[in-house]
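Here is the structure we will look at.
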Amino acid sequence: MIFNRYAQYYDVFYQNKRYTEEIVYLEWLFRKYRKIETRTVLDLGCGTAGHMTPLLRNGYRVTGLDASGQMLEIARDKLIREGLRGDLVHGTCQDFTLNKKFDAVICLFSVINYAAANGDIIRTLRNIHTHMKKTSIFIFDFWNATTVVDYYNPKKRRNFRKNGMEVERNSATKIYPSQRKCEVHYTCILRRKGRLIRRDKERHVLRYFSIEEMADYLCRSGFQVVNMHPFLKPEGKIRRDSWDVTAVARRA
Ligand SMILES: C[S@@+](CC[C@H](N)C(=O)[O-])C[C@H]1O[C@@H](n2cnc3c(N)ncnc32)[C@H](O)[C@@H]1O
């Protein structure tokens, strides 16, 4: 299962990710494309509540859903520590049923790319569709095929430090262009004061999409594409090197 062992390192790896800035961007998109005021938000693949926390602080009612129990545990602790009330649900984007419709559905930081098995992307999009009203907005980001193929890095090593944890992350990536898939083997090595504590391995399989392909999947799942742009650059143009693309969609 992905993001289980990896969960303990997640907030170390992304300690400098600018979630608050991303919320400013997201709220800008809510305002620009809204048909009604956004009050309820479903955060799919919420992870450790990086987006949920500032959204809850800003007064939205937020439900977070994730396939990883370990990521959700960290999210739960974070919400409790901050005195915030949000719903956390263990489930997958392909199969969840909440019997509720949300004003906005968000799915951020490559979550949709994990819908890699055959049929997963359509199942995921159709399932999201059933949790939306005619007035709702769906905002997510995905990896752009041309960029992944041209710029992916087959081997990477990075070192991180937080709260006495020293973590070395090695990743080995292979791409399979005919299937538009990426296989990433992560090895995480945890040390404290230089002493080896543990070593964890995880294999992630991600699917990347061309812009046209994603538009087609959205259309086949009952959506209309409202806008696509480079992540965090709502007025920007998608270029060959725009790795991460945001899509904004509504029920057709
Ligand atoms: C890169 S993390 C992003 C987490 C969070 N959105 C953020 O921005 O920090 C990807 C998350 O998606 C979750 N995930 C992957 N595939 C999933 C699926 N099919 N259904 C639900 N969650 C999934 C993982 O468990 C992980 O927490």
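What to note about this one:
- Inside the range 196-250, residues that are in contact (Cβ under 8 Å) with a residue 60 or more places away in the chain, within 29 Å of LYS174 (Cβ to Cβ), crowded, with 18+ Cβ neighbours inside 10 Å and aliphatic (A, V, I, L, M) make up a count of 5.
- Qualifying residue in the range 215-228 (condition: of a type in the set (Gly, Ala, Ser) and on the phi > 0 side of the Ramachandran plot): yes
- Scanning the range 55-73 for residues that are surrounded by fewer than 20 Cβ atoms within 10 Å (Cβ to Cβ) and either within 13 Å of the ligand (Cβ to nearest atom) or not in a loop (DSSP other than H, G, I, E, B) (or both) yields ARG57, ARG61, GLY69, GLN70, GLU73.
- Pairs with Cβ under 6 Å, 6+ apart, first in the range 81-110 and in the same structural domain as MET132 (by TED's automatic domain parsing) and on the phi < 0 side of the Ramachandran plot, second polar (S, T, N, Q) and within 8 Å of the ligand (Cβ to nearest atom): CYS93/THR124; GLN94/THR124
- Matching option when the condition is in a loop (DSSP other than H, G, I, E, B) and β-branched (Val, Ile, Thr), among ILE238, ILE197, ILE175: ILE238
- Unmet requirement for ARG123, which otherwise passes all of (1) crowded, with 16+ Cβ neighbours inside 10 Å; (2) within 30 Å of ARG191 (Cβ to Cβ); (3) among the basic types (Lys, Arg): (2)
- Condition met for ARG180 (in contact with a helix residue (DSSP H, G or I) (Cβ under 9 Å, 6 or more places away or on another chain) and surrounded by 14 or more Cβ atoms within 10 Å (Cβ to Cβ)): yes
- Only residues that are buried (at least 17 other Cβ atoms within 10 Å of the Cβ) and either in contact with a strand residue (DSSP E or B) (Cβ under 6 Å, 6 or more places away or on another chain) or among the small types (Gly, Ala, Ser) (or both) were counted across the range 134-159, and they come to 9.
- Search result, residues across the range 18-35 that are surrounded by 12 or more Cβ atoms within 10 Å (Cβ to Cβ) and touching a residue at least 60 places away in the same chain (Cβ under 8 Å): GLU22, TYR25, LEU26, LEU29, PHE30, LYS32, TYR33, ARG34, LYS35
- Among the residues examined, LYS134 qualifies as assigned by TED's automatic domain parsing to the domain that holds ASN16 and either out of contact with any Ser or Thr (no Cβ under 9 Å at 6 or more places or on another chain) or among the basic types (Lys, Arg) (or both).
- Residues of the range 39-70 that are among the polar types (S, T, N, Q) and closer than 18 Å to PHE109 by Cα: THR48, THR53, THR63, SER68, GLN70.
- Given (1) buried (at least 17 other Cβ atoms within 10 Å of the Cβ); (2) assigned by TED's automatic domain parsing to the domain that holds ILE128; (3) out of contact with any Leu (no Cβ under 9 Å at 6 or more places or on another chain); (4) not acidic (Asp, Glu), index of the condition THR173 fails: (2)
- Restricting the range 111-131 to residues that are small (Gly, Ala, Ser) and either more than 21 Å from TRP243 (Cβ to Cβ) or not assigned by TED's automatic domain parsing to the domain that holds TRP28 (or both), the residue that is nearest to the chain's Cα centre (by Cα): ALA117
- Taken over the range 74-100, the criterion of being out of contact with any strand residue (DSSP E or B) (no Cβ under 6 Å at 6 or more places or on another chain), part of a loop (DSSP other than H, G, I, E, B), of a type outside the set (S, T, N, Q) and closer than 21 Å to ASN113 by Cβ is satisfied by ASP95 alone.
The values are calculated or read from the model by the stated rules, or taken from the named source; none is laboratory data. Predicted model only: the values in this text are computed from it and were never measured. Heads up, the Cβs are rebuilt from the backbone with ideal geometry, glycines too, and the neighbour counts pull from every protein chain shown.
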